[in-house]
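Written below as structure tokens is the structure these notes are about.
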Amino acid sequence: MMRRAVLVCAVAAAMSGGLGMAQAPVQTPTRAPDYPTQPVPLGSVTFSDLFWAPRLETVRSVTIAATFKQSELTGRIKNFEIAGGAATGEFCSRYAFDDSDVYKIIEGAAYALEVRPDKALDGYLDTLIAKIAKAQEPDGYLYTARTINPSKAMPMAGKERWTNLKDSHELYNLGHLYEAAAAHYRATGKKTLLAVATKSADLVARTFGPEGLRYPPGHQEIEIGLVKLYRVTRDQRYLALAKFFLDERGNPAGHTLYGDYAQDHKPVVDQDEAVGHSVRAAYMYSAMADVSALTGDARYVAALDRLWDDVVLRKLYLTGGIGATGAWEGFGPAYDLPNSAYAETCASIANALWNFRMFLLRQDARYMDVYERAVYNAMLSGISLKGDTFFYPNPLLSLGQHERSPWFACACCPSNLPRFMLSIPSHAYAVAGDRVFVNLFVQGEARVALPGGEVHLEQQTRYPWDGDVRLRVSPAKAGRFTLAVRVPGWSMDHPVPGNLYRALAAEREPVTLRVNGLLVPIRLERGFAVITREWTAGDSIDLHLPMPVRRVVAHDAVKADEGRVAVERGPLVYTAEFVDNGGRVTNLVLDDEAPLSSGWRPDLLNGVMTVTGKATALRMRNGSPAAEAGALTLIPYYGWAHRGTGEMAVWLARRADRARPAPEPTLASSSRASSSEGGKSLQGLNEQYEPADSNDHTAMYFHWWPKKGSTEWVQYDFPAPATVSESSVYWFDDTGQGGCRIPRNWRILYKRGEQWVPVETRDTYGLAKDAYNTVRFSPVNTTALRLEVGLPEAFSSGIQEWKVR
Ligand SMILES: [Zn+2]
């Protein structure tokens, strides 16, 4: 068994070759096949810093309760009660995958309990788990969307069990159940939820397999859950089933393929391009890493190397987010990284989970670099400082249309955050043989079990605000072992592995390392500074990571970032927000030579280091742009959208032609906009952002979705009576992505007294896409103008911009 695992890693290393780096085989594992590196578990790590510790406390004290409460309010918990006979009624939430949110919050609550007992939470879980157990059918089937009323299951669920796995999420839900059950058992020692999980998994094992049903799930997740169940029970069937589900993907012998949206276009071991839904993808990649480690099948790792290269070299946002498009919640083509970015919170979590597993496989710091980038930036943007509102997409550019919300109809992101965030301490340290890896810099303590005895590690640092890290190393008894301390890529001017982003040249103070106060040369192995010596209690290491403000630019092929620059400091990506910069940021130009400095602001966003400097603001004056020198203030990206809605941009113009001069006020922009019932995003009508085309999602747009076929209107109330004679409208049409199309017809009316009267015109009311449709009419003096729109029979409509003159 042991030899096999060693061989696997060596083969995988030989086959990797990603980013042109040779991969040496990792250390010999000491047990049955598994990752050669083992995380130091949650219960052995304590954070006591000023960055993560308060955030995790907020998750424990606010987010878990808030998301359970939302699950109650939205019927998610009642569904279990009805299915179990404790209540009556029909399935009362929206989606067949709503069960999974409850499981995910339970998993997060279990991590909270693992770190600190909480009687009330423990009791709440007991009650909830009893409801879940009752909702399980006698043979182990658990899916409230069907059990409640099998004859009235929603279309997504399929007519019978397991007949619509492409969409039903039957197996997806179970994956989250299994993860929750394993966590709850580890935290409390109680087998209540574990019994539900194994009963369910036994049914799945009886139903699916080479001799049974050969459908993979449409949404991957059960594979990760089965691996966790295997780790707790050591029941080989669960591991075999996880591998089976992976291997059935892309196998047309077993089922009609679901296509690349669900990564079911070819066998997983043959995949080399990250495609489709990004959460499904990264959960699958995580499972491939797990199954590879546990079974010794190296083909998965070879595929993972290709997929990782594709993501990190071509499809990764600077914030660590993945998934460029909302159309399929997933990856776009190579280098297609619009700053309207979907970058779903769940996708950042999935990206971090995958990269942590890649680190466990390879002991290479570049995976933790990607992990850190995703966690400190894209993931953390997904949750407010107060812990009770959330983002689903996490764009790198906002014109003011984005605001965190307490919940979503599809609530995958809010329910994913507690379980991920509370597991971060278990990613901070890891062990392989007599080598201890220090992955993350967070003040606190860890107890690490090494072959020669326990080692107590204490970290003192103000990271991410400061790059000085002191590690006190106290082995229970003196002995020789190795500490491997991550030297982040950013500290060596490599914001990411590869060349998707690069730091602009700057004078750089070197990274230094001291052992017991004495400067030592840094011996880097796969991105870790490796120190092997005889350690005795009280020894110390001082790592100095200089944290200047760094400018970063994107690969030339990333058209969205051409002529633009982003600012980073340490692991944090910075952003410009309207509130700190005179109301706008898209009109700013940050010159390459303009000095930038950082300063601590204890009063801002619970305490942040801001970056300040000078920028040029462009404003239209009498029809042409005028430049004004002004101050620039940047905040860490994760802190945006806490002080009202307005412009935000991570990528600032480096050149004047990439900035958007602040427009002069117009009659439209000075008017009060309103609409018929159901209209959304009124500010999209007159925010004066010129759309690139009708399907431009960067510009704000107004729409009536999901209304169809009806007659609707939008209206401008002028600040004072005005004479108008022209109207120009630019339709929003998201063919290929959504349900808005050019309307059937439209006309302009003006207010005469209390009456709405059509204007007199000989122009046609145009229905052109990707252009303004202008109508000139006999001048009218009025206080308000209305644009009346006939929606198509089967579609809704929307407006990019409406101008009047
Ligand atoms: Zn999500």
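The numbers here are math on the coordinates, done by the rules we state, and not lab data. Values in this document were obtained by computation on a predicted structure and should not be read as measured data. Cβ coordinates were reconstructed from backbone atoms using ideal geometry, including for glycine residues, and neighbour counts include every protein chain displayed.
Projected label points at Arg502 and Asp556, each 7 Å from Cα along the beta carbon direction, are separated by 1.0 nanometres.
Every helix of 4 or more DSSP H residues in the chain counts as -39500 (n - 2.57), and over all residues that averages to -8500 deg cm²/dmol at 222 nm. 3J(HN,Hα) along segment 766-777: x, 10, 7, 8, 6, 7, 6, 10, 9, 10, 9, 9 Hz, from the Karplus curve 6.51 cos²θ - 1.76 cosθ + 1.60 with θ = phi - 60°, whole Hz, x for Gly and Pro.
Taking amide hydrogens as placed 1.01 Å from N in the peptide plane, the amide H of Asp763 sits under 5 Å from those of Arg776, each at least 5 positions away in sequence or on another chain.
Sorting Val62, Val442 from the fewest to the most surrounding beta carbons within 10 angstrom yields Val62, Val442. Shape class of segment 169-310 from the alpha-carbon gyration tensor: prolate, with a/c at 1.5 or above and a/b greater than b/c. In terms of surrounding Cβ atoms within a 10 Å radius of their Cβ, Ser93, Ser540 rank from fewest to most as Ser540, Ser93. Each Lys and Arg adds +1 at its Cβ and each Asp and Glu adds -1 at its Cβ; summed about the Cα centre, the chain shows a dipole of about 880 debye. Peptide packing: for 527-533, 514-520, 704-710, the average count of neighbouring Cβ atoms within 10 Å per residue gives the ranking 527-533, 704-710, 514-520, highest mean first.
Structural descriptor for the chain: relative contact order 10 percent, calculated from alpha carbon pairs under 8 angstrom and at least 6 residues apart.
Of interest is the spacing of the C-alpha centroids, which for segment 392-443 and segment 52-73 amounts to 14 Å.
Remark on Ala529: its backbone amide H falls under 5 Å from those of Val485, Arg486, Val487, a criterion applied only to residues 5 or more positions apart or on other chains, H modelled at 1.01 Å from N. Of all lysines in the structure, those lying under 20 Å Cα to Cα from Lys708, and not within fewer than 8 positions of it along the same chain, are Lys680, Lys769. The modelled label-to-label distance between Val62 and Lys614, using points 7 Å beyond Cα along the C-beta direction, is 3.9 nm. The phi torsions of segment 716-723, fed into the Karplus equation with coefficients 6.51, -1.76 and 1.60 and a -60° offset, translate into couplings of 10, 9, 6, x, 8, x, 9, 9 Hz, rounded to whole numbers, with Gly and Pro shown as x.
Fully extending the segment from Gln755 to Arg601, taken as 0.36 nm per residue of separation minus the present Cα-Cα distance, adds 49.9 nm. Work out the charge dipole of segment 406-462 with +1 on the Cβ of Lys and Arg and -1 on the Cβ of Asp and Glu about the Cα centre, then indicate which of Ile424, Asn439, His456 is farthest towards its positive end. Selected residue: Ile424.
In terms of the mean number of neighbouring beta-carbon atoms within 10 Å, the peptides 589-595, 285-291 order highest first as 285-291, 589-595. Averaging the inverse of every distinct alpha carbon separation and then flipping it gives the Kirkwood radius. What is it for segment 369-486, in angstrom units? Averaging 1/r across every pair of different Cα atoms and inverting gives 16.7 Å. Label positions at Lys769 and Thr127, each projected 7 Å from the Cα along the C-beta direction, are separated by 5.4 nm. Rank Ala187, Ala341, Gly709 by how far each Cα sits towards the positive end of the charge dipole of the chain (+1 on Lys, Arg Cβ; -1 on Asp, Glu Cβ) and give me just the farthest. Of Ala187, Ala341, Gly709, it is Ala187.
How would you classify segment 462-578 from its alpha-carbon gyration tensor, with a ≥ b ≥ c the square roots of the eigenvalues: rounded for a/c under 1.5, else prolate if a/b is greater than b/c, otherwise oblate? It comes out prolate by the Cα gyration axes. For the listed peptides 71-82, 605-616, a ranking on the average number of other beta carbons within 10 Å per residue, highest first, reads 71-82, 605-616. In this structure, Ala478 and Ser676 have a Cβ-Cβ separation that, at R0 = 60 Å, corresponds to a calculated FRET efficiency of about 0.15. Phi-derived couplings, Karplus 6.51 cos²θ - 1.76 cosθ + 1.60 at θ = phi - 60°, listed residue by residue for segment 488-493: x, x, 4, 6, 10, 6 Hz, with x used for Gly and Pro. Taking the centroid of alpha carbons for each part, segment 325-348 and segment 641-671 are 23 Å apart.
Label 7 Å along Cα→Cβ of Thr735; segment 769-789 residues with amide nitrogen under 13 Å? The answer is 769-771. Each Cα pair under 8 Å and six or more residues apart adds its sequence gap; the mean of these over the residue count of segment 115-176 is a relative contact order of 17 percent. The alpha carbon gyration tensor of segment 681-805 gives principal lengths a ≥ b ≥ c with a/c of 1.5 or higher and a/b greater than b/c, which makes the shape prolate. At an R0 of 25 angstrom, the distance between the Cβ atoms of Arg462 and Lys386 translates into a FRET efficiency of 0.65. Computed over the Cα atoms of segment 338-435, the ratio of the radius of gyration to the Kirkwood radius (Rg/Rh) comes to 1.03. The order of Lys266, Lys191, Lys243, going from fewest to most other C-beta atoms within 10 Å of their C-beta, is Lys191, Lys266, Lys243.
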